Amino acid sequence: MYKLKCIVKYDGSDFLGYQRQPGKRTVQGEIEKALMHISRGEGIETHCSGRTDAGVHAIGQVFHFETDLKIPIKQWKYIFNNALPEDIYIETVEKAAENFHARYLATEKEYRYFILNESVPNIFKRKYVHQYSGKLDRQAMKEACRYFVGEHDFTTFSSAKSTVKGHKVRKLNSLEMLEDDQTIQLIFKGNGFLYQMVRIIAGVILDVGRGRYKPTDIPKLFDKKDRQAVGRTLAPSGLYLWQVNYK
């Protein structure tokens, strides 16, 4: 028996999230279906760095599993991808240490949220970005980003449906905004994220650009500890799990 670590990318548009659900099409479900095909009927359980919601994409999701299949490591990627649907692609497969765990040993995750700021909606990109056609104060959006960095109680900026027990204190290591003429990219790096936290924060930063809030309003929103104090959660289409880091 040996353990494999895989990096996988997927187009989340047609999935009801990452986690396996009976009778539903999910990323984990398709991966484990492919493993069952490869192993000729053996059920193999996988463990990921963290679940993503319906419609959310990934560039660098990580998962691991154990197997005793006698397949050379260098052939796993080809065999795996040959058994998977076209909206999932295994980027790398490597042998992992016995104590490796995709979720519990992750030290930092990076998420990116993409906003397309064009005057006319692009129907061909609607599943991969959040589209906003109005004018935005981008400098104010950049200024707002810095108020989220550090350790805070993110109750205001997480879903009221979150099942997390106890406090909602998390540490955001950095929040950077990159831009070109049409696209705004928000880059979140942290050691843990609450349910819908990235999409809610992205919505608040967008609202700063629209003039609904000032950057200096952000600390007051933290103090409210009330999800109803801020606007709607942005669509999952613009969100990507970009990278997971380990020691």
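Taking packing as the residue-averaged number of other Cβ atoms within 10 angstrom, the listed peptides 17-23, 56-62, 188-194 run from highest to lowest as 56-62, 188-194, 17-23.
If the Kirkwood radius is taken over C-alpha pairs of the chain, then at 25 °C and 0.890 mPa s the Stokes-Einstein diffusion coefficient equals 128 µm²/s. Note: relative contact order over the chain, using C-alpha pairs below 8 Å and six or more positions apart, is 24 percent. Treating each Cα of region 107-246 as one equal point scatterer and applying the Debye formula with no solvent, the log10 of I(q)/I(0) at q = 0.12 Å⁻¹ comes out as -0.44. Annotation: amide H-H contacts under 5 Å for ALA58 (H modelled 1.01 Å from N, sequence separation of 5 or more, or interchain): TYR10, GLY12, LEU241.
Inter-part distance, region 1-64 to region 133-181, computed on C-alpha centroids, equals 28 Å.
Where only DSSP H runs of four or more residues are counted, the chain gives -6500 deg cm²/dmol as its mean residue ellipticity at 222 nm, each run worth -39500 (n - 2.57). Once both labels are positioned 7 Å from their Cα atoms along Cα-to-Cβ, the gap between GLN228 and ARG126 label points is 3.2 nm. Do any of LYS33/LYS95; LYS9/LYS135; LYS9/LYS220; LYS135/LYS161; LYS95/LYS247; LYS33/LYS74 go past 26 Å between their Cα atoms, and which? From LYS33/LYS95; LYS9/LYS135; LYS9/LYS220; LYS135/LYS161; LYS95/LYS247; LYS33/LYS74, over 26 Å: LYS9/LYS135; LYS9/LYS220; LYS135/LYS161.
Bear in mind that the values in this text are calculations on the coordinates, not laboratory data. Computed from a predicted model, the values in this text were never measured in an experiment. Neighbour counts are summed over all protein chains in view; Cβ atoms, including those assigned to glycine, are modelled from backbone coordinates with ideal geometry.
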